[in-house]
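The next block holds one structure in the form of structure tokens; read it before the comments.
Laboratory data are not the source of any read-out in this text; all were calculated from the coordinates shown. Quantities reported herein were computed from a predicted structural model and do not represent experimental measurements. Here the Cβ is made from the backbone with ideal geometry for all residues, glycine too, and neighbour counts use every protein chain on show.
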Amino acid sequence: MFHLLDGRALSETIRAEVKQEAATFILQTGVIPRIVFILVGNTPASEVYVANKGKSSEESGFSHETVRLSEQVTEKELLQLIEQLNNDSKTHAILCQLPLPKHISEEKVIEAIAPHKDIDGFHPINVGRLSIGRGDFFVPCTPLGIMEMIKREKIETSGMHVVVVGRSNIVGKPLAALLAQKADGANAIVTLAHTAAGNKLGEYTRSADILIAAMGAPLAITRDMVKPGAVVIDVGMNRIPDASKKSGSRLVGDVDFESVKEIASAITPVPGGVGPMTIAMVLRNTLTAAARQTR
Ligand code: GUN
């Protein structure tokens, strides 16, 4: 029997902890943690993500605002808004939802956000400090949520072979760096696999004690690609057509849950696995940002 890694339940515990800590922080300092979300255009998935993050910020007792900009906003206008938020001492965290329209450089936007307000951990200063493992920095919320899940579920990582599939800057690369660090809850032997593995991907995934799928390919990890007893963590969020649903589609991960659960020792569902952990880490990082800016 597999163990379900219930990210929704875990995230509720973490959110209650953050709410409690935020209340104490506000009482002691008189400062209310504040996060500003920037949403450009109307990508449906981004709308949903930002709405969920806003609602969770509200429940944590934070001050929050979502600045909505039209698809046509210029790069200059967006950079000016970020500059203004960087200089606003009441705003501790800035989250500009990606992807951005093609005429705006994501690189410029990411580098414009002050590193101490960059709770996404996307700024090169944060990426560099994470890689070195020293100083004040922010870890991107999805990798941080996965590390927190591994810790709270008491999954042994030291000396284990972790295979991360997918090399994105948001998930795969930072996760590989975190897992390889010489630290409690890490210390893993890490393989970062990706599309270039082609039809040899299974050779890599089958040697994983912990398999993390973050390549954005619906149901791509099948039972034959998983070692019996492996822990399987699914970061995928893919919409696929499903005529039996009223919406005409359904959300699936990168892992074929139904077949893989028969062989894994533990597995995350989609939805309700990694997604809720990401939101909990947005809150955790925002409180950290407020505390660092108040000390
Ligand atoms: N788009 C997809 N994931 C993320 C994320 O973690 N942060 C931001 N800002 N945009 C995203």
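Points to keep in mind about this one:
- Antiparallel content of DSSP bridges confined to the stretch 154-295, in %, to 5: 20 percent
- Placing unit charges on each Cβ (+1 for Lys and Arg, -1 for Asp and Glu) gives the stretch 200-284 a dipole about its Cα centre, and among Ala266, Ile233, Ile279 the Cα reaching farthest toward its positive end belongs to Ile279.
- Amide H contacts under 5 Å for Asp242, placed H, 5+ residues apart: Ser249, Arg250
- Whole-Hz ³J(HN,Hα) from phi, Karplus 6.51 cos²θ - 1.76 cosθ + 1.60, for the stretch 69-86, glycine and proline x: 10, 6, 3, 8, 3, 7, 4, 4, 4, 5, 5, 5, 4, 4, 4, 5, 6, 4
- Structure remark: mean-square fluctuation, Gaussian network model of the chain, C-alpha springs under 10 Å; the largest value among Val163, Val40, Val232 belongs to Val40.
- According to the Cα-based calculation, Rg over Rh for the stretch 57-147 is 0.97, with Rh computed by the Kirkwood formula.
- Cross-link pairs beyond the 30 Å C-alpha cut-off, checked among Lys108/Lys173; Lys19/Lys108; Lys108/Lys182; Lys53/Lys227: Lys19/Lys108; Lys108/Lys182; Lys53/Lys227
- Centre-to-centre, using Cα atoms only, the stretch 217-247 and the stretch 28-48 are separated by 29 Å.
- Per-selection Rg to Rh, the stretch 130-193 - Cα, Kirkwood hydrodynamic radius: 0.92
- Reachable aspartates and glutamates from Lys151, criterion Cα separation under 15 angstrom, eight or more residues apart if same chain: Asp6, Asp184
- For the chain, dividing the convex hull volume of the Cα atoms by the residue count gives 139 Å³ per residue.
- For the stretch 288-295, putting each phi into the Karplus relation 6.51 cos²θ - 1.76 cosθ + 1.60 with θ = phi - 60° gives couplings of 4, 4, 4, 5, 5, 7, 10, 6 Hz, in residue order, rounded to whole numbers and with x for Gly and Pro.
- Sequence-separation-based contact order of the chain, relative, with Cα cut under 8 Å and 6+ spacing, percent: 21 percent
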